[in-house]
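Read the structure below first, then the notes.
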C-alpha cells in the first residue's frame, strides 16, 4: 500500500503514528504493528535528508516499533497472574495520552479565537452612583436581638474575661522602686536622737513611710550602738524600745579615729 505524506504535518513520532492508524482505519487498542511499522519506516526514508534535526525522536520510536514487532513474533509473555502481556500496551497508553492532550489543545485554541472576538465596554459610572450605599434597616441588622439578649451576651463575655484572670496575681499592685537618700535618712535619724537625747524606736520609724526607710533607720540605730553613741533599753518582751543618746565622753574612740582618717562617714 502506497501512502503519501506531507512532511511538515507531523509534530513528532506519536503524531505520525496516530496519522498512520487513522489512514489504515485501525483500532488504536489493537494496532496492526507490522503494517504500521513498515509505513513508519517508509516515512523515515523520506525525511532522512530533509529533517535531520528531528530524526533522533523518530529513530527512537522506530526502534520501539521494531522491538514490539519482534516480541509479537515470539510466544506471548505472562504476568504473575498468568495473564498474557501485550507488547503494545505501553505504546497504546502513550498514544491515548498524546491524543487527549492534542484535542485539548484544539479546544483551547478555539476558545482563544472566540475570546479574541469579544469586546468589553469599560465601566463608566458617575461618582454619586459608585458611592451610593443602601440605607441600613435596624430591624434587619439586629434581627431577633433584644436589649435583654444583648445584656446576657455582655455578661457572658465579662464572665469569660474574669475567668481568664489569675485571682492571685490580679491583686498585685504596681511595683515601684522606692527612692530613698540613705545618707540623708541616717543624718536625720542621728540628728533627732542627739537633739532629743531620748526617744522611742517607734517614733523614729514613723518619721517617714516606706520599707526602705525602715531598713535604713534600723541599720542606723545598729551603727550608732556599735559606735557607742546611743544606748538601747527594753523593759520587757514586745515592750517599747527606748533609745538614749550618750555623752561624747562615752563614745567609742576607735570610731572617732577612723572618722578623723576619713575611713567612714560622720553622723554629726
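Checking residue 76 against (1) surrounded by fewer than 10 Cβ atoms within 10 Å (Cβ to Cβ); (2) at pLDDT below 85, only one condition comes out false. Which one?
In the conditions (1) surrounded by fewer than 10 Cβ atoms within 10 Å (Cβ to Cβ); (2) at pLDDT below 85, residue 76 misses (1) alone.
Determine whether residue 106 is touching a helix residue (DSSP H, G or I) at 6+ places or on another chain (Cβ under 6 Å) and either at pLDDT 85 or above or not assigned by TED's automatic domain parsing to the domain that holds residue 30 (or both).
Values: touching a helix residue (DSSP H, G or I) at 6+ places or on another chain (Cβ under 6 Å): no; either at pLDDT 85 or above or not assigned by TED's automatic domain parsing to the domain that holds residue 30 (or both): yes.
Spelling it out, it is not the case that residue 106 is touching a helix residue (DSSP H, G or I) at 6+ places or on another chain (Cβ under 6 Å) and either at pLDDT 85 or above or not assigned by TED's automatic domain parsing to the domain that holds residue 30 (or both).
Could you tell me whether any residue of region 196-216 is at pLDDT below 75 and either outside any helix (DSSP H, G or I) or surrounded by 11 or more Cβ atoms within 10 Å (Cβ to Cβ) (or both)?
No - not one qualifying residue is present in region 196-216.
Keeping to region 217-241, report how many residues are without any contact (Cβ under 8 Å) to a residue 24 or more places away in the chain, in contact with a strand residue (DSSP E or B) (Cβ under 6 Å, 6 or more places away or on another chain) and part of a loop (DSSP other than H, G, I, E, B).
The total comes to 0.
For region 12-52: of the residues being loosely packed, with under 12 Cβ neighbours inside 10 Å and within 59 Å of the chain's Cα centre (by Cα), which is modelled with the lowest pLDDT?
Filtering region 12-52 for residues loosely packed, with under 12 Cβ neighbours inside 10 Å gives 22, 25, 27, 29-30, 45, 49-50, 52.
If we keep only those that are within 59 Å of the chain's Cα centre (by Cα) as well, we get 22, 27, 29-30, 52.
Numbers: 22: 86, 27: 86, 29: 85, 30: 85, 52: 57.
Per the stated criteria, the residue is 52.
Here are the criteria: (1) part of a loop (DSSP other than H, G, I, E, B); (2) surrounded by 11 or more Cβ atoms within 10 Å (Cβ to Cβ). Tell me which single one residue 69 does not satisfy.
(1)
The values are calculated or read from the model by the stated rules, or taken from the named source; none is laboratory data. Since the structure is predicted, the reported quantities are computational estimates derived from the model, not experimental observations. Quick reminder, even Gly has a Cβ in these numbers, built from the backbone with ideal geometry, and neighbours come from all protein chains shown.
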